[in-house]
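Read the structure below first, then the notes.
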Amino acid sequence: MGGMNRRHFLKTLGVASATALAFPALALRGQGRKRLRILHTNDTHSRLEPYPADDPNYPGMGGYARRASMIRSAREENENLLLLDAGDIFQGTPYYNLYNGEPELRLMSKMGYDAAAFGNHEFDNGLDGFAEVRHHATFPFLAANYDFSQTVLDGKVDAYKVLNKGGLTIGIYGLGIEFEGLVSRSLYGDTKYLDPIEKAREIESLLHNQYRCQLIICLSHLGYRYSDKKVSDRVIASHTSHTDIIIGGHTHSLLDPAVQTENQEGKLTTIGQAGYGGTYLGSMLVYYDEAEGEKFIESNTTKI
């Protein structure tokens, strides 16, 4: 990445003082303030190489090498960085047909991903196919509302993960899309689909009350919003109380900036999604004031 492009990228990520100026009451408080950078992707669909220069939608955009370079630059400027994916890592180019997802997982592991949601296309080679390549990922796959206990994936997909970044306790849980109309029974086998609203409430309560998480993130492959009553990220936000951030996928929505909507208690939940094909990198800058228990989030997406 050239010098000018790198400066532009870091500026769009909000590394400069724009955030502090926009939110002085919290951003400029003293020792109790903690800061976290979150980078996120979704629905990258095996797009290892950039799109062709003549592509009508994403000319010359994307590619794992360019994404890795941007992530590396962000790490240089952010001591505490969380890297997440909201699912559908697999399927979309011949790389997946030839190598069954191995290069995607190996490259994401090198980039340092912390967690990923389990998307519907992760089922495309069946449960056995996913199990064969799962070990190439150094990060967990999360899906609280998929019960894999009677399948070969028992113990290979987690409901949630708790980690610490810069003294901030963070809980992350995953939600997956319903199988009907998307995934054949022959592919998901004896996997049980559980109500995502009920599981979201159960897991966020666990993370809030037992683990005392200061930031709770849902990695969702439910989709941003629908015209009918189908469960979406917006629905999850309105039915939960402790989930601060929903990083979504499935509907290929480009939210720039991320959307803020009220949760069940009238507090703000931030919903982010970064389009399709690994052509954008989502970014959130989280400030948390430990003394007050307050937090705010600034976000944007950047072309890859």
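Okay, here's what the table says:
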{"quantity": "Residue in the stretch 222-245 that is assigned to a strand (DSSP E or B), of a type outside the set (Val, Ile, Thr) and within 14 Å of the chain's Cα centre (by Cα) present", "calculated": "no"}
{"quantity": "Set 133, 162: member being of a type in the set (Val, Ile, Thr) and touching a strand residue (DSSP E or B) at 6+ places or on another chain (Cβ under 8 Å)", "calculated": "162"}
{"quantity": "Failed item, numbered, when residue 78 is tested on (1) at pLDDT 95 or above; (2) out of contact with any helix residue (DSSP H, G or I) (no Cβ under 9 Å at 6 or more places or on another chain); (3) polar (S, T, N, Q)", "calculated": "(1)"}
{"quantity": "Subset of the stretch 268-304 that is modelled with pLDDT under 95 and not in a strand (DSSP E or B) - its residue that is surrounded by the most Cβ atoms within 10 Å (Cβ to Cβ)", "calculated": "290"}
{"quantity": "Residue match in the stretch 122-139 (condition: out of contact with any helix residue (DSSP H, G or I) (no Cβ under 7 Å at 6 or more places or on another chain), of a type in the set (Phe, Trp, Tyr) and part of a loop (DSSP other than H, G, I, E, B))", "calculated": "no"}
{"quantity": "Subset of the stretch 112-133 (residues that are surrounded by fewer than 18 Cβ atoms within 10 Å (Cβ to Cβ) and over 14 Å from residue 97 (Cα atoms))", "calculated": "112, 128, 131, 132"}
{"quantity": "Residue selected from the stretch 39-88 under the condition in a strand (DSSP E or B) and not aliphatic (A, V, I, L, M), by the criterion nearest to residue 252 (Cα to Cα)", "calculated": "41"}
{"quantity": "Filter result for residue 159 (without any contact (Cβ under 8 Å) to a residue 60 or more places away in the chain and either farther than 19 Å from residue 269 by Cα or basic (Lys, Arg) (or both))", "calculated": "yes"}
{"quantity": "Single residue of the stretch 33-75 satisfying the filter (of a type outside the set (A, V, I, L, M), more than 19 Å from residue 282 (Cβ to Cβ) and surrounded by fewer than 18 Cβ atoms within 10 Å (Cβ to Cβ)) that is nearest to the chain's Cα centre (by Cα)", "calculated": "49"}
{"quantity": "Considering residues of the stretch 167-196 that are in contact with a Cys (Cβ under 7 Å, 6 or more places away or on another chain) and under 20 Å from residue 286 (Cβ atoms) only, the residue surrounded by the fewest Cβ atoms within 10 Å (Cβ to Cβ)", "calculated": "169"}
{"quantity": "Where residue 109 falls short, out of the listed (1) under 24 Å from residue 71 (Cα atoms); (2) in contact with a strand residue (DSSP E or B) (Cβ under 7 Å, 6 or more places away or on another chain); (3) not β-branched (Val, Ile, Thr)", "calculated": "(2)"}
{"quantity": "Test: residue in the stretch 82-90 that is more than 19 Å from residue 276 (Cβ to Cβ) and modelled with pLDDT of 95 or more", "calculated": "yes"}
{"quantity": "Meets criteria (aromatic (Phe, Trp, Tyr), buried (at least 19 other Cβ atoms within 10 Å of the Cβ) and either more than 30 Å from residue 287 (Cα to Cα) or in contact with a Leu (Cβ under 9 Å, 6 or more places away or on another chain) (or both)) for residue 99", "calculated": "no"}
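The values are calculated or read from the model by the stated rules, or taken from the named source; none is laboratory data. Source: prediction; values computed, not measured. We place every Cβ from the backbone using ideal geometry, glycine too, and count neighbours over all the protein chains shown.
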